[in-house]
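One structure is given below, encoded as structure tokens.
Throughout, read-outs are computed from the coordinates displayed, never taken from laboratory work. Keep in mind that what you see is a predicted model, and the values were worked out from it rather than measured. Methodologically, a virtual Cβ is constructed for each residue, glycine included, from the backbone with ideal geometry; neighbour enumeration extends over all protein chains shown.
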């Protein structure tokens, strides 16, 4: 696992639907988030990379900022555990987490 999001599937869904595209599962490196955005995902789900300290929220924010995506951290309460959502719309990225992230 953690080999990246399913980019061909993201592209296919983007081409077939006008709704927001949610990519879930697969992120293991910073590049995986940007690749999914480029493929057409507007909402990226990730959890274990943050919880196990493989990627930090500040590192992801800085990486995406360097790629022209501004990131803002928002804390939110989820119902299915400590899921972190990265929502990408236009040039802004929003990060949500149940737990406090630095």
Roughly speaking, what is the stretch gain from residue 14 to residue 51, that is 0.36 nm per residue apart minus the C-alpha to C-alpha distance, in nm to one decimal? 10.4 nm
Relative to the present Cα-Cα distance, how much length would full extension add between residue 24 and residue 1 at 0.36 nm per residue of separation? 7.1 nm
When ranked by the protection proxy of mean other Cβ atoms within 10 Å per residue, highest first, what sequence do the peptides 17-23, 32-38, 45-51 form? 32-38, 45-51, 17-23
